[in-house]
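The values are calculated or read from the model by the stated rules, or taken from the named source; none is laboratory data. On a predicted model such as this, the values are computed, not experimentally measured, just so you know. Cβ placement follows ideal geometry from the backbone for every residue including glycine, while neighbour counts extend to all protein chains displayed. The accessibility values were calculated without ligands, DNA or RNA, using every heavy atom of the protein model including side chains. Shrake-Rupley method; radii C 1.70, N 1.55, O 1.52, S 1.80 Å.
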Amino acid sequence: ASLFPPGLHAIYGECRRLYPDQPNPLQVTAIVKYWLGGPDPLDYVSMYRNVGSPSANIPEHWHYISFGLSDLYGDSRVHEFTGTDGPSGFGFELTFRLKRETGESAPPTWPAELMQGLARYVFQSENTFCSGDHVSWHSPLDNSESRIQHMLLTEDPQMQPVQTPFGVVTFLQIVGVCTEELHAAQQWNGQGILELLRTVPVAGGPWLITDMRRGETIFEIDPHLQERVDKGIETDGSNLSGVSAKCAWDDLSRPPEDDEDSRSICIGTQPRRLSGKDTEQIRETLRRGLEINSKPVLPPINPQRQNGFTHDRAPSRKDSLESDSSTAIVPHELIRTRQLESVHLKFNQESGALIPLCLRGRLLHGRHFTYKSITGDMAITFVSTGVEGAFATEEHPYAAHGPWLQILLTEEFVEKMLEDLEDLTSPEEFKLPKEYSWPEKKLKVSILPDVVFDSPL
């Protein structure tokens, strides 16, 4: 034990509890460790053979467990030590359960690379995962022709939280899903779809085991499940509070070359970027389930302490919602909030298809929804009249804080927009570019090809 890094040893202990007969499992190891400059954040991915339980509809499968999202070493080579009571590193490790094919004597290694990809996202963005989250992957997880092209995340059914000398580690299991199941999770919530998957043995069963050869969605296997989803959406709305997307906005009430343009406020020669406080508020709106069982409130733009640290400090890693030099360019206090008369919103087709979800599943339930641009330093947040803490108001429904636009929509206008945007839900009949306009509200929405967003808008 003295030869093992303490965090690593603690997780190995939980693995030995589950697999006492497999003390030396096959492992995928990062050739050059992340803390030595390598590209893979996970030091190891262990692969175990799980016999399952046929009587409980749990097939034999391969069980993959990551090492590296938590603090394995405790010497700050990867993670900052924050104490034993809080999370270790990011507070979790990933697991994955893959159905074992007949005659398969060794586990496929592609899930290890999949886990490395998710880990790279977490390290680069510092956005952690929660049970019920979804990941839009848009490609078969094993690079085959499979319909399993996206992921949901849930608690691993066997792995128990581990107390290490550097904090607590929980285990989040990756669950492969079809596109239709991902969309249902977006429209409703991930936990609801996970519960449905548990009731269908061939789609995951009690332990949510991924079968890459599954050719039917749960809605094709049991059409009655769609009714349960539709009822859930109507009753609960969606708990998806935002997405990273290809989007942009223009202030139509001011010429673009104006020095006071909302997206190019300058101090000296430096362009205005999202401040650290703006960034943290946007990141909060992107975290799932913000308003479940409570009044929806946009987090304040003031400095605050959450998860044990102050968010306006310099981050240890680059945040995916923050520019490389965002907080250094313009002091937050110098950026004023501007009311706009007329705005033009631009989305690619995938982002635009989520507008009905934003309106029906979020705003009509008194919530908010954020689009954060993945191609530029810009964000758009839609808010309903029931959301507190927004800088858009009923009197001034379009307001910008630097490159962050907020749009307040009344319930009456939301209903009107849903009627006009009905064809967004039929992508097979959709031709780009497409424009929608509400002159009386001085609002225009364009759905544009992806290539448009590859250059500055």
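Any residue in region 178-187 that is of a type in the set (Asp, Glu) and more than 26 Å from PRO356 (Cα to Cα)? First the steps, then the outcome.
Start the filter on region 178-187 by keeping residues that are of a type in the set (Asp, Glu), which leaves 180-181.
Those left that are additionally more than 26 Å from PRO356 (Cα to Cα): none.
The answer is no; no qualifying residue exists.
Looking at region 375-457, what strands (runs of 3 or more DSSP E) fall wholly within it and have at least 3 residues that are surrounded by 18 or more Cβ atoms within 10 Å (Cβ to Cβ)?
Working: elements: 379-383, 398-401, 404-408, 434-438, 443-448.
Correct list: 379-383, 398-401, 404-408, 443-448.
Being at pLDDT 95 or above and aromatic (Phe, Trp, Tyr) is the filter here; which residues of region 75-128 pass it?
Across region 75-128, the qualifying residues are PHE90, PHE92, PHE96, TRP110.
When the residues of region 154-207 are narrowed to those that are of a type in the set (Asp, Glu) and in contact (Cβ under 8 Å) with a residue 12 or more places away in the chain, which ends up farthest from HIS134 (Cα to Cα)? Break it down into steps so the answer makes sense when it comes.
Kept after step one, since they are of a type in the set (Asp, Glu), are these residues of region 154-207: 155-156, 180-181, 195.
With the extra rule that they be in contact (Cβ under 8 Å) with a residue 12 or more places away in the chain, the set shrinks to 155-156, 180-181.
Details: GLU155: 13, ASP156: 15, GLU180: 13, GLU181: 10 Å.
This residue is ASP156.
Looking only at region 173-208, count every residue that is of a type in the set (A, V, I, L, M, F, W, C), open to solvent by 10 Å² or more (accessible area, probe 1.4 Å) and closer than 20 Å to PRO111 by Cα and tell me the total.
Number satisfying all stated conditions: 2.
Kindly provide the set of residues from region 87-115 that are at positive phi and out of contact with any Asp or Glu (no Cβ under 8 Å at 6 or more places or on another chain), ordered by number.
So the first thing to find is which residues in region 87-115 are at positive phi, and the list is 89, 91, 103.
Passing the criteria: GLY91, GLY103.
Checking the conditions here, which among ASP211, ASP230 is in contact with a strand residue (DSSP E or B) (Cβ under 7 Å, 6 or more places away or on another chain) and either open to solvent by less than 10 Å² (accessible area, probe 1.4 Å) or of a type outside the set (S, T, N, Q) (or both)? Can you show your working first?
Working: ASP230 fails: in contact with a strand residue (DSSP E or B) (Cβ under 7 Å, 6 or more places away or on another chain).
That would be ASP211, the only listed residue that is in contact with a strand residue (DSSP E or B) (Cβ under 7 Å, 6 or more places away or on another chain) and either open to solvent by less than 10 Å² (accessible area, probe 1.4 Å) or of a type outside the set (S, T, N, Q) (or both).
Could you say whether any residue in region 57-74 is small (Gly, Ala, Ser), loosely packed, with under 13 Cβ neighbours inside 10 Å and at pLDDT below 95? It would help to see each step written out before you state the result.
Step one: list which residues in region 57-74 are small (Gly, Ala, Ser), which gives 66, 68, 70, 74.
From the residues that got through so far, the ones that are loosely packed, with under 13 Cβ neighbours inside 10 Å too are none.
Looking for residues that are small (Gly, Ala, Ser), loosely packed, with under 13 Cβ neighbours inside 10 Å and at pLDDT below 95, one finds none in region 57-74, hence no.
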